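The next block holds one structure in the form of structure tokens; read it before the comments.
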Amino acid sequence: MSLDNNKTIRKIQSFVKRSGRLTEGQKYGLNNLWPKYGLDPIADQIIDFQTVFAKRQDVILEIGFGNGDSLLQMAINEPEHNFLGIEVYEAGVGRLINEAHKHNLTNLKVIKEDAVEILKNNIADDSLSGFQLYFADPWHKKKHHKRRIVQAEFMDIISSKLINGGFVHMATDWENYAEHMMEVLEVHPHFKNTLSAHTYSLRPERRPITKFERRGERLGHGVWDLIFDCEK
């Protein structure tokens, strides 16, 4: 994969695919409700947000949404925004779709593919108002740090897809990864910390706290939020 004609980079992969037994509800979401909530992008064809969503409004992208609880709550709480979630974990995708159907949401769509390829090939430049990445795989061993999704070349892609004035919101419970994210974002020419330099944000009210996060808090784990504006 190359970002230009002169520079070839290691292929960025946004996930490690997991599989497992699906519940009946998850199966129902994946099979019966997919036409209502799922998107199957065609290679090299830009997704027309104005036609896939019920209303024409700002689109916020979240990748790696896990079981989908946080994304679901955001879609419920913010009907004025459209949400696009990308995840390859089938159980999480099925669960989110099933729950979205129960709440009759019309502002949520899901893609079950590699997020990086979707971003490069199916998302128009200057089309997203926000990008969210919560509790991504930290690849905590130093020899695996190069596998982390948050790298300079990935943020180049994100900046091209965000509108001017859009936002990036990331959260992690690994301090080393938080420091890595901060370094990548602060040196990038198109992102500016909404607070002062090298300052982490308090969890904003709009980001729901998950069961996973509450369990970590009980165990004494910290959580670091980073919120940056896109300026270009």
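Structure data summary
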read-out: Matching residues in region 47-93 - criterion: being in contact with a helix residue (DSSP H, G or I) (Cβ under 6 Å, 6 or more places away or on another chain), at negative phi and not acidic (Asp, Glu); value: ILE47, ARG56, VAL59, ILE63, PHE65, ASN67, LEU72, PHE83, GLY85, ILE86, ALA91
read-out: Long-range neighbours under 7 Å by Cβ, at least six apart or interchain, first residue under 17 Å from SER70 (Cα atoms) within region 134-146, second outside any helix (DSSP H, G or I) and open to solvent by 80 Å² or more (accessible area, probe 1.4 Å); value: ASP137/VAL16
read-out: Index of the failed condition, ASN122 passing every other in (1) within 26 Å of ASN77 (Cβ to Cβ); (2) touching a residue at least 24 places away in the same chain (Cβ under 8 Å); (3) out of contact with any Leu (no Cβ under 8 Å at 6 or more places or on another chain); value: (1)
read-out: Of residues in region 124-161 being at pLDDT below 95 and part of a helix (DSSP H, G or I), the one nearest to PHE53 (Cα to Cα); value: ARG147
read-out: Residues located in region 85-136, provided they are among the basic types (Lys, Arg) and more than 16 Å from the chain's Cα centre (by Cα); value: ARG95, LYS102
read-out: Total residues in region 178-199, condition assigned to a helix (DSSP H, G or I) and touching a strand residue (DSSP E or B) at 6+ places or on another chain (Cβ under 8 Å); value: 5
read-out: Residue selected from region 200-232 under the condition part of a loop (DSSP other than H, G, I, E, B) and within 23 Å of HIS145 (Cβ to Cβ), by the criterion modelled with the lowest pLDDT; value: HIS221
read-out: 2 or more residues touching a residue at least 60 places away in the same chain (Cβ under 8 Å) and surrounded by 12 or more Cβ atoms within 10 Å (Cβ to Cβ): qualifying helices (runs of 4 or more DSSP H) within region 30-107; value: 34-37, 69-77, 90-102
read-out: Leading residue by the ranking (modelled with the highest pLDDT) among those in region 162-180 that are open to solvent by 10 Å² or more (accessible area, probe 1.4 Å) and among the polar types (S, T, N, Q); value: ASN164
read-out: Residue within region 7-25 that is part of a loop (DSSP other than H, G, I, E, B), at pLDDT 95 or above and open to solvent by 80 Å² or more (accessible area, probe 1.4 Å) present; value: no
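The values are calculated or read from the model by the stated rules, or taken from the named source; none is laboratory data. Because the structure is a prediction, the values reported are computed rather than measured. Cβ atoms come from the backbone with ideal geometry, glycine included; neighbour counts cover every protein chain shown. Each accessible area value is taken on the protein alone, full model and side chains, heavy atoms only, with ligands, DNA and RNA left out. Shrake-Rupley method; radii C 1.70, N 1.55, O 1.52, S 1.80 Å.
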